[in-house]
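Novice: I'd like to ask you about the structure that follows.
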Amino acid sequence: MFENHPHEVEALMQRDPEFRSLYQRHRELDKQVHDAEIGCLPIDDATLSRMKREKLRAKDRLLQIFSSHFPSARG
């Protein structure tokens, strides 16, 4: 998501607790969704759908925070 901005992400991780928490949660959800989709994590469709929605909300908020700190950069 922020592959082209590792320094900016690191700076935000250090100074913004909301960004840090959301970033970690997004990564956790990304792994769980991936594992569910390849069959390593047995969960029902409703749970998978909920996880995907939460992951998307986290991504949207991360992009908002990132853009507010680095308006000229793109996530």
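Novice: Using 0.36 nm per residue of separation minus the Cα-Cα distance, give me the extension gain between HIS69 and ARG53 in nm, one decimal.
Specialist: So the extension gain works out to 3.3 nm.
Novice: Can you return the aspartates and glutamates within cross-link range of LYS52? Criterion is Cα-Cα under 15 Å, with same-chain partners fewer than 8 residues away left out.
Specialist: Once the sequence-local aspartates and glutamates are set aside, what remains near LYS52 is GLU28, ASP30, ASP35, GLU37, ASP44, ASP60.
Novice: Shifting gears a bit: With contacts defined as alpha carbon pairs under 8 Å and 6 or more residues apart, what's the relative contact order of the chain in percent?
Specialist: Value for the chain: 37 percent.
Novice: What FRET efficiency comes out for HIS5 versus ILE43 if R0 is 35 angstrom and r is the Cβ-Cβ distance? Round to the nearest 0.05.
Specialist: 0.65
Where a number appears in this text, it was derived from the coordinates with a stated rule and is not lab data. Owing to the predicted nature of the structure, the values given are computational and were not obtained by experimental measurement. A quick note on method: Cβ atoms are made from the backbone with ideal geometry, for glycine too, and the neighbour counts reach across all protein chains shown.
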